[in-house]
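Right, one structure below, let's go through it.
The values are calculated or read from the model by the stated rules, or taken from the named source; none is laboratory data. All values derive from a computational prediction rather than experimental measurement. Cβ placement follows ideal geometry from the backbone for every residue including glycine, while neighbour counts extend to all protein chains displayed.
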Amino acid sequence: MIRSFTESDYPTICTWFAKRGRVCPSLEVLSKTGFITQEAAGFLYLTNSTVGIADVFITDPEAPKEQRRAALELLSQTIISFAKNQGVQLLKADSQFPSMVQLSIDLGFKSSGTYESFYKEL
């Protein structure tokens, strides 16, 4: 089952990030458009153009691999559908994880190559 992410889900995803040795993004950084299942969560960042960004995907590392993959596929398809309904014409996504790269390709995303990603806290 998939549903919209709410603030009450934040401790759950922070636990998943911690179990993976990663830092959980602050709640303020997360898009208000997010989705969650029992095994995974992901977010859609809408912009002031027709470009959307699918980002901050995380899975429960204790869930079976097949369930994580199925949850990520469901999340991705939900985000794609939601983005399309919001008028998004180009959906961008980045990942350093081979399984997420393969899922993106399987879902019809095109690779734009390997590059460095940068951010700056303001």
(request) Could you please tell me which pairs satisfy a Cβ distance under 7 Å, a separation of 6+ or placement on different chains, a first residue in the range 79-99 that is within 18 Å of I36 (Cα to Cα), and a second residue that is loosely packed, with under 14 Cβ neighbours inside 10 Å and modelled with pLDDT under 95? (result) none
(message) Being within 24 Å of N48 (Cα to Cα) and aliphatic (A, V, I, L, M) is the filter here; which residues of the range 76-118 pass it?
(response) I79, I80, A83, V88, L90, L91, A93
(request) Tell me which of these Y119 doesn't satisfy, since it passes every other one: (1) at pLDDT below 95; (2) under 12 Å from the mean Cα position of the chain (by Cα). (result) (2)
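When only residues in the range 44-88 that are among the polar types (S, T, N, Q) and under 13 Å from the mean Cα position of the chain (by Cα) count, which is farthest from L30 (Cα to Cα)?
Q77
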(request) Filter the range 31-66 for residues that are surrounded by 20 or more Cβ atoms within 10 Å (Cβ to Cβ), without any contact (Cβ under 8 Å) to a residue 40 or more places away in the chain and in a loop (DSSP other than H, G, I, E, B) and give the result. (result) T37, E39
(message) With the requirement that a residue be without any contact (Cβ under 8 Å) to a residue 12 or more places away in the chain and of a type in the set (A, V, I, L, M, F, W, C), what does the range 100-122 give you?
(response) V101, I105, F118, L122
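Only one of these is modelled with pLDDT of 95 or more and within 24 Å of E116 (Cα to Cα): T33, T59, T37, T12. Name it. Talk me through it step by step, then tell me what you get.
On the way: T33 fails: within 24 Å of E116 (Cα to Cα); T37 fails: within 24 Å of E116 (Cα to Cα); T12 fails: within 24 Å of E116 (Cα to Cα).
After applying the criteria, what remains is T59.
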